[in-house]
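Below is one structure; the comments refer to it alone.
The values are calculated or read from the model by the stated rules, or taken from the named source; none is laboratory data. Everything quoted here is computed from the prediction, not taken from an experiment. Note: ideal-geometry Cβ built from the backbone for every residue, glycine included; neighbour counts use all protein chains shown.
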Amino acid sequence: MFTAVMPKMSDTMEEGKIVTWRKQVGDPVAKGDALAEVETDKVNIEAEAFSAGTLRKILAPVGTVVAVGAPIALIGAPDEALPPEYAEAGATSAASTSAAVASAQPVAAGVAQGGNGVAPVAAPSFEPAFSSLEATQTAGGRVFISPIARRIAIEHGLDFARLHGTGPGGRIIREDVEAALEQQETGQHPAITITADGAVAVGAAPSVEVQAVPLSQMRKTIARRLQQSMQTAPHFYVTLAIDATRLGEFRTAVNEYASSLPQPVKVSFNDLIVKAVAQTLKLMPQVNVSFDGERLLFKKQINVGVAVALESGPNQGLIVPVVRDAEKRGVLDVARESRRLAEAAHAGTLKPDDIQGGTFTVSNLGMYGVESFTAIINPPESAILAVGAIIPTPVVVDRQVVVRDQMRVTLSVDHRALDGATAARFLQELKRLLEQPMAMLL
């Protein structure tokens, strides 16, 4: 009997959510067949079977969040007996999962009926998370808990041995720990109400209508990773104004040529910035690094991530597809690859290789008219470039006031890996390339 487990589909993935099962119990399975569609921290990807046989049992129903490496299904011969632990615990697992899904149905129904993706509900309440130890411990005293649930519990000083698990086989999952922490917090901070006669009453707060929108795996990961980045990486920021007048002229000339090609392509300002960043990283490899506690890891490849905002669909949030070996690509090649990645991001068809291995990130809000901003470093990288809008600005040239197209860029830097002088030199070199864009062709 082969146990299919939740695969690790990205460097940062710790858990995945079963969106749908491509195979059902009793279906034949060939090696490489898609078993289920999984929502990860970045994209939805199909989990493949690594063994052939018959799908004998589904251990993680649709909607279940499963830790990486945890079992999701059993594959074997049609008449092969199920392992004892699954033959007995499977029913309990399915029942507990069904109960968890059923408890969430009022909110889900509100979403379906409302048609706007949110449901007005009362302030959320939770079922008691603490119960007998028999629900989560074996005879030997072992507690079945997912790695991420264990980490969260330890960080908050929570005795997870007293939790009741709702995952497969009674396993304690992240939602169980978060519910227990919410209960704990509610119990420690009772509501205080001042009545009309001035008396102080301690008790439950009056119900408030809220809109409950469950977090997607992507949004959960964005929250966790960016909080971790700000808490662990000491950020500092360096801003520089760049004259983009010649850059605009250069872009116009390139696009005139590119429009006449058999496969026309349109080059954006961001494509030119990505190309210039890649060449600057080649000249200054000390910026193309990661901090690893006791070491600096110098990356041999220059893979520039391009932040893409997903403002619609189930996975709203921010994703960073990667233009690989950007310094080796021509301007038109960078434009084509950036376009492919952006379209795949919006269509939800990015592959794991499209989002892994970035060494530096460019985040551009210029198209929204934002003049300047600071960006949070995308770990494990050590720097990120925030690009503002190109704005006609009065400047002094040869003691004369003239109007030039100006662009402000801000480099966010991890001070553990880089110092201010290095960051300043990086921006100076980037400024030189963008103000003399023909150098990008040399």
Residue pairs qualifying under the 6 Å Cβ cut-off, at least six apart or on distinct chains, with the first in the stretch 42-54 being closer than 30 Å to GLN316 by Cβ and the second being in a loop (DSSP other than H, G, I, E, B), are LYS42/SER10; VAL43/LEU350; ASN44/GLY348; ILE45/MET9; ALA47/PRO7; GLU48/GLY32
Pairs returned, first residue in the stretch 143-164 that is in contact (Cβ under 8 Å) with a residue 12 or more places away in the chain, second residue that is assigned to a strand (DSSP E or B) and small (Gly, Ala, Ser), beta-carbon separation under 8 angstrom, 6 or more apart or interchain, are SER146/ALA67; PRO147/ALA67; ILE148/ALA67; ALA149/ALA67
Pairs returned, first residue in the stretch 226-239 that is assigned by TED's automatic domain parsing to the domain that holds ASP414, second residue that is assigned to a helix (DSSP H, G or I) and hydrophobic (A, V, I, L, M, F, W, C), beta-carbon separation under 8 angstrom, 6 or more apart or interchain, are PHE236/ALA423; VAL238/ALA423; VAL238/ALA424; VAL238/LEU427
Are any of the residues in the stretch 6-22 part of a loop (DSSP other than H, G, I, E, B), crowded, with 23+ Cβ neighbours inside 10 Å, at negative phi and assigned by TED's automatic domain parsing to the domain that holds PRO71? yes
When SER363 is run through (1) in contact with a strand residue (DSSP E or B) (Cβ under 6 Å, 6 or more places away or on another chain); (2) at pLDDT 95 or above; (3) in a helix (DSSP H, G or I), the failure sits at (3)
In the set GLU381, GLU337, GLU327, the lone residue that is out of contact with any His (no Cβ under 9 Å at 6 or more places or on another chain), acidic (Asp, Glu), in the same structural domain as ILE222 (by TED's automatic domain parsing) and not in a helix (DSSP H, G or I) is GLU381
Point to revise | Test result for VAL370, touching a helix residue (DSSP H, G or I) at 6+ places or on another chain (Cβ under 6 Å) and of a type outside the set (Ser, Thr, Tyr) | key: no
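Every residue, every condition in (1) crowded, with 22+ Cβ neighbours inside 10 Å; (2) hydrophobic (A, V, I, L, M, F, W, C), yes or no:
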{"position": "PRO379", "(1), (2)": "no, no"}
{"position": "VAL387", "(1), (2)": "yes, yes"}
{"position": "ILE391", "(1), (2)": "no, yes"}
{"position": "PRO394", "(1), (2)": "no, no"}
{"position": "ARG399", "(1), (2)": "no, no"}
{"position": "ARG408", "(1), (2)": "no, no"}
{"position": "VAL413", "(1), (2)": "yes, yes"}
Counting only residues that are under 30 Å from GLU256 (Cβ atoms) and out of contact with any Asp or Glu (no Cβ under 9 Å at 6 or more places or on another chain), the stretch 308-335 contains a total of 7
So the strands (runs of 3 or more DSSP E) completely within the stretch 254-317 holding 2 or more residues that are within 18 Å of SER412 (Cα to Cα), of a type in the set (Ser, Thr, Tyr) and modelled with pLDDT under 95 are none
The residue that is surrounded by the fewest Cβ atoms within 10 Å (Cβ to Cβ), considering only those in the stretch 237-251 that are closer than 15 Å to LEU430 by Cβ and of a type in the set (Gly, Ala, Ser), is ALA241
